[in-house]
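Derivation of every value follows stated rules applied to the coordinates shown; laboratory data play no part. For clarity, every value in this text was computed on a predicted model and none was experimentally measured. Glycine also receives a Cβ, built like all others from the backbone with ideal geometry; neighbour counts cover every protein chain displayed.
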Amino acid sequence: MADMQPLPAGTWPSPISAASLVGGAVGISEVVPDGDDVWWAEQRPEEQGRTALVRWRAGDTVEVTPPGANVRTSVHEYGGGAWWVADGVAYYVEFDDQRLRRIVPGGEPVLLSPEPEQPRALRYADGRVTPDGAWFVCVHERHGDDRREASNSIVAVATNGSMEVLTVASGADFYASPRISADGRRVVWVQWMHPNMPWDSTELWIADLDGGRASNARRLVGDGDEALQQPEWGADGSLTVVTDRTDWWNLYAVDLDTGSLSHRAGGEYDIVEPHWEFGGSRYADGVHVVSGPTGDRLSTGIELPFTSIGSLRQAGDSLLFVAASYARESEVVRLTDDRCEVLRPARDLRLDAAFTPPPEFITFPTTDDAIAHALFYAPAHPDFDVPEGERPPLVVFIHGGPTSAAMRSLRLSVRFWTSRGFAVVDVDYRGSTGYGRRYRNLLRGNWCRTDADDAAAAASHLAGRGDVDRDRLLIRGGSAGGTTTLLALAHHDLFAAGTNLFGVADLVALLSDDHKFESQYSVSLIAPWPEGADVYADRSPINHVDSISSPLLVLQGAEDPVVPPAHSEQIVAAMRANDLPVGYIEFAGEGHGFRQAENIVRSIEAELWFYGWVLGFEPVDEIEPVEILEGTASGSR
């Protein structure tokens, strides 16, 4: 625009401050109907990241859980599905002790699960209530007992407070989605075994149910080369499930006698997402989510202003779901016919639309004569542009997982950068989801190789198009994305700096210190163990720090059970031993990912300060400097 003021990238004033990422922010991940009432969970960064249960009734919203309650399960460590509601009664897991409770609005919580011998050793998730209300059937995870790893099962917990717990299914390594038929006489579930992940190979099982006791358990579906998800009963006793047996996660009807499947809905797109957390729901009666390269839509054909849709559930004649777009954060939506009603609106960010244009979906060439995908966000500000002749710096975002995908909704953490003159590319490297099973499986045996190649290829592609400055390429990622970041810095002489958020440094160590859910994930991603020991050593970032020549910022949660702090500490020590500039911040009280407001603010401000220190610009934001460590000397720069 002709009236835009030229200003060097990184120095633009922006209304999207680090504090605005959390100020009034609420994360909404699950919504559940209960008659005419609607319930949802709110994760609140400003309240130490706790999650509260909320009920909406005829326009009035009340918080049901007690002040300070934190509704969160640690099953599989990633959790999800920490609560359910039926007939006005909520059942939920309290994070502090992992015990199951029930609560009636206006009442006090009643404990349902027994106290474990060791703190937080008995965990519960993804439950449903039997039609008579007597039992809560859910996934159970038991720690301790001198076990090498946790044991998982499906149990029925008495809802009368007697602490009675009956085993419904056991023997498999993992369980998910226990679902009870409308007449209460049958239960189905999904199970799988090491070394599979739930997007590799799972089975659908069924058993007869009498109260909380199960019998006649048998496998219905699962051919060893398909990943089944989200079984659901119809009111008429019919059963449906999603499977990717034909490349895409589509919906099928299940024959209860033979286990044969018949295609019900879907096409060349995925309906569900990979099962990292419990509680996902991507289809309801006759309606499902259609995921595409630029976002989600509903199969109804009704035009909606959303690009991300989740927790889709039927509520009488209406549909309920959590939705977001590239311009708005998550909100609770009710759709009746073609009338859309927002029950819980997203916070009003009061941003000019010029700050949040939709990204460009790009496909680019990469190594092995393959292609990969990404979302490209150009700098976006109504008042500023980079000076003539200057191209913006690029921040390459690498998602975690690695079996996951770039978010198709507003990420204020992305707009934090684009509103300051940076470009951002959010990479869906080979192995990402949303492109079918074949694309997802391209990461098998290739993690810590092709993902780093694709990150570099995305940056090179955009520099080659002239969108960004080849000399000011930056890369950052969390968890598996942090691992990719470290390897991209080591193997590609492209990046001026990088930020590693709680990434894996030593793949061999991960085999022994990883939690159960992912303890054998690397068998398919890298190689069998111990036969592939040389491959693990070759792919481990800690063994390639000598090849890193760019400054590095490392951010880590002190209580991370997924990637323990030792991984970050090793990288920092190796960088210092090589006299390479490195900054390190460890956040007390944080696990895998940052949930507390002050830590979220500090982490992104530290990253901005760090890039300014590397690239030679001064942010307009007032930021506490990062201590940069070099060799045995240290000091603020």
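Based on Cα coordinates alone, diagonalise the gyration tensor for the stretch 250-290, multiply each eigenvalue by 5, take square roots, and list the semi-axes in whole Å, largest first.
20, 14, 10
Cα-based Rg (one decimal) and Dmax (whole number) for the stretch 281-348, in Å?
Taking only Cα atoms of the stretch 281-348, I get Rg and Dmax of 11.0, 33 Å.
With the radius of gyration and the Kirkwood radius both derived from the Cα set of the stretch 33-271, what is their ratio Rg to Rh?
Taking Rg over the Kirkwood Rh, I get 0.97.
Modelled label-to-label distance, His263 and Asp96, 7 Å Cα→beta-carbon offset: nm?
Modelled inter-label distance: 5.3 nm.
Among residues other than Phe136 whose Cβ falls under 9 Å from its Cβ, what is the net charge (Lys/Arg +1, Asp/Glu -1)?
+2
Taking the 0 to 90 degree range and rounding to the nearest ten, how far is the long axis of helix 450-465 tilted relative to the main principal axis of the chain, both from C-alpha atoms?
Result, in degrees: 50.
Bin by bin, in steps of 20 Å, what percent of the Cα pairs in the chain do you find, going until the bin that has the longest distance?
The calculated distribution, bin by bin, is 19, 54, 25, 2.
Modelling each spin label as a point 7 Å along the Cα-to-Cβ direction, I'd like the Asp383/Arg218 distance in nm, to one decimal.
Reported label-point gap for Asp383 and Arg218 is 7.1 nm.
Would you mind checking the radius of gyration and Dmax of the stretch 351-636 based on alpha-carbon positions, in Å?
Gyration radius and largest Cα-Cα distance of the stretch 351-636: 18.0, 58 Å.
Evaluate the Kirkwood expression for the hydrodynamic radius of the stretch 205-298, namely the inverse of the mean inverse distance over all pairs of different C-alpha atoms, and round to one decimal in Å.
This gives a value of 14.3 Å.
Charges on Cβ only, +1 for Lys and Arg, -1 for Asp and Glu, centred on the Cα centroid of the stretch 504-574; of Ala566, Ser549, Ser512, which one is farthest towards the dipole's positive end?
The listed residue farthest towards the positive side: Ser549.
Binned at 5 Å from 0, what are the whole-percent values of the Cα-Cα distance distribution for the stretch 121-215, short to long?
It works out to 3, 14, 25, 25, 18, 11, 5, 1, in whole percents.
For the stretch 351-636, give the share of DSSP beta bridges that are antiparallel, in percent and rounded to the nearest 5; count only bridges with both residues there. Numbers along the way, then the final one.
Numbers: 19 of 44 bridges.
Percent antiparallel among DSSP bridges in the stretch 351-636 is about 45.
Give me Rg/Rg_expected for the stretch 218-362, where Rg uses Cα atoms only and Rg_expected = 2.2 N^0.38 Å with N residues.
Here the Cα radius of gyration is 1.16 times the empirical estimate.
Please state the Cα pair-distance histogram of the stretch 1-159 with 10 angstrom bins from zero: what percent is in each bin?
Taking every Cα pair in the stretch 1-159, the percentages come to 10, 34, 28, 13, 8, 6, 2.
From the convex hull of the Cα coordinates of the stretch 167-209, what is the mean projected area in square nanometres?
On the way: hull surface 12.1 nm².
The orientation-averaged projected area of the Cα hull of the stretch 167-209 comes to 3.0 nm².
On C-alpha positions alone, give me the angle between the axis of helix 597-615 and the longest principal axis of the chain, in degrees, nearest 10.
30
If I model a spin label at Leu111 and Gln48 as a point 7 Å from the Cα along the Cα→Cβ vector, what separation in nanometres do I get?
2.0
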